[in-house]
Amino acid sequence: MGLTLSHPLILASASPRREELLRLLGLDFQVLPSRVDETFLVNENPGERVLRLAENKAHIVALTHPRAWVLGADTIVVIDGEALGKPADPPAAARMLEKLSGRTHEVYTGFALLRLAARFAVRREVRAAVTFRKISPEEKMWYIRSPEPYDKAGAYAVQGLGAFFIKEIHGSYTNVMGLPLCEVVDALKAAGALSFAPPPEEGRGPAG
Amino acid sequence: MNDAAIMDNIARIRERIARAAAGAGRRPEDVRLMAVAKTVDDERIAAAIAAGVDIIGENYVQEAKRKIESMGRPCQWHLIGHLQTNKAKHAARLFDMIHSVDRLEVARELDRRAAGAGRIVPILIEVNVSGETTKRGVSREEALNLTREIAPLERLSIRGLMTMAPWFDDPEAARPYFASLRILRDRIAAADIPGVHMEELSMGMSGDFEAAVAEGATIVRIGRSLFGERPPR
């Protein structure tokens, strides 16, 4: 693909969506999920929370992989100032879907890129607005019986059956999926992690 | 261990600090050497002071109180051990700096006691970078908030951060922990909180101080390499 990394890249996330997204860039990377405490802190706003958790995830891995670029991310859904994390059970998933039904909510993703050997750390928060159409009771029951809502913030997957409910997205689609690719690439570029070698067919060919 | 051996050790440690500092493009004089004097008797402490350590570090308030009363203050005395609220009164009076502030309530008590003693006490915020439950210190993520909360206390002056890295066979393995504290220090400094100074990084001990100096330590805390193994208490 012509994209080269200055040092190995590690995705510190257990989310298969994030892995899938990062693969789209054609980069070589390793996945090392890290468990972090996801309890809310008092008076913590959603932006601070996603940045904190994203950095925590990256930090745990970075301490033992100081030379690598380590990327961590965290996503939450926010409606009426309330942050929705991952639903614990079907009733919780049902309550979340009822809140989102027929309205617009915000999806916050925070990501952190660390390379401790270079004392490098950046964090960014990206938002997108998602509008749901009305969800009927049958649709809700059908959806919460599927496995889909349970490992996802706000109890839906934009790239899965959840697409059923989505009328409109303002902002980055990949952000709603869990990793804002455009901003992540920007951060990698700004950090000097990525270089763009010209495709082999272009240019003048071998010298001589 | 006799005085000559202590002087020798200090000279060797200074040399290693200088080499690590030079390797990182820093000046050796920007790193202060603390002799950690827990359970060390007055005579050997006096030898260390004579040999030119910058700071004596103590773990226990009572022990420090006794020593300071008998030896006076030929150099700075810092508290590096855990501070309990009920020891804040003496601590506020005794120490030139307290490295181990990690809770608001202890800071408040220290502030109150410092006012009583007519002093402004320089403090560091102790951070638990590794997240190990056996370690004291505020978590990395709460350090900025704690700093904001302590900053308005007029009798305390926040000067920087302190941490203890986990123990490793390979001292280089501790280095990312020091880098992490420095990143945190820079972030707190960038928050520009009135009254908060972030010039000190107290990190690095006998086993890992060179890695700490390479990552920006301004105070290294040396016990074992300076005074030898401690006798069992």
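Computed from the coordinates by the stated procedures, all read-outs in this text should not be read as laboratory data. If you're wondering where the values come from, they're calculated on a predicted model, not measured in any experiment. We place every Cβ from the backbone using ideal geometry, glycine too, and count neighbours over all the protein chains shown.
Which lysines does B:Lys38 reach when only Cα atoms under 24 Å apart count, and residues fewer than 8 places away in its own chain are ignored?
Filter leaves B:Lys65, B:Lys67, B:Lys87, B:Lys89, B:Lys135.
To the nearest 20 debye, what charge dipole does the protein assembly as shown have about its Cα centre, counting +1 at the Cβ of each Lys and Arg and -1 at the Cβ of each Asp and Glu?
Dipole about the Cα centre, nearest 20: 540 debye.
Out of every Cα pair in region A:3-196, what percent are spaced more than 28 Å from each other?
Result: 26 percent of Cα pairs exceed 28 Å.
Return the tail of the calculated pair distribution for region B:3-226, meaning the percent of Cα-Cα pairs more than 28 Å apart.
Roughly 26 percent, once rounded to a whole number.
Report the one residue of B:Gln84, B:Ile68, B:Ile10 whose Cα lies farthest in the direction of the positive end of the charge dipole of region B:1-107 (charges on C-beta: Lys and Arg +1, Asp and Glu -1; origin at the Cα centre).
Looking along the dipole axis, the top candidate is B:Gln84.
For chain B, with only Lys/Arg (+1) and Asp/Glu (-1) charged at the beta-carbon, what is the dipole magnitude about the Cα centre, in debye rounded to 20?
Using Cβ point charges on Lys, Arg, Asp and Glu, chain B gives about 540 debye.
Looking at region B:116-180, which GluC sites (Glu not before Pro) are DSSP coil and have at most 15 other C-beta atoms within 10 Å of their C-beta?
Here the sparse-neighbourhood loop sites are B:Glu132, B:Glu154.
Nearest 20 debye, what's the magnitude of the dipole of chain A about its Cα centre given +1 on Lys and Arg Cβ and -1 on Asp and Glu Cβ?
160 debye
As a check on your grasp of the helix formula, calculate [θ] at 222 nm for the protein assembly as shown: sum -39500 (n - 2.57) over DSSP H runs of n ≥ 4, divide by the residue count, round to the nearest 500.
-11000 deg cm²/dmol
May I ask for the longest run of chain A untouched by GluC sites (Glu not before Pro) that are loop-located per DSSP and have at most 10 neighbouring C-beta atoms (other than their own) within 10 Å?
A:1-200
Return the loop-located trypsin sites (Lys or Arg not before Pro) in region A:109-167 (DSSP other than H, G, I, E, B) with at most 14 other Cβ atoms within 10 Å of their own Cβ; answer none if there are none.
Here the sparse-neighbourhood loop sites are A:Arg133, A:Lys134.
Of B:Ile98, B:Ala173, A:Leu63, which is farthest along the charge dipole of the protein assembly as shown in the positive direction, counting Lys and Arg as +1 and Asp and Glu as -1 at C-beta?
The Cα lying farthest towards the positive end belongs to B:Ile98.
Counting only other chains, what is the mean number of Cβ atoms within 10 angstrom of the Cβ of each residue in peptide B:174-182?
5
Counting only other residues whose beta carbon sits under 15 Å from that of B:Lys65, what net charge do I get with K and R as +1, D and E as -1?
After counting each charged neighbour, the total is +3.
What base-10 log of the normalised intensity I(q)/I(0) is obtained for region B:84-207 from the Debye formula, alpha carbons as equal point scatterers, at q = 0.10, 0.12, 0.22 Å⁻¹?
Values returned for q = 0.10, 0.12, 0.22 Å⁻¹ are -0.30, -0.43, -1.23.
Considering only A:Thr4, A:Gly26, A:Ala14, whose Cα is most displaced toward the positive end of the charge dipole of region A:3-196, charges sitting on Cβ of Lys, Arg (+1) and Asp, Glu (-1)?
Checking the options against the dipole of region A:3-196, the answer is A:Thr4.
Which loop-located trypsin sites (Lys or Arg not before Pro) does region B:104-192 contain, where loop means any DSSP state but H, G, I, E or B and the Cβ has at most 12 other Cβ atoms within 10 Å?
none
With Cβ to Cβ distances under 10 Å as the rule, what net charge do the other residues near A:Ala129 carry (K, R +1; D, E -1)?
Every neighbour counted, the sum reads -1.
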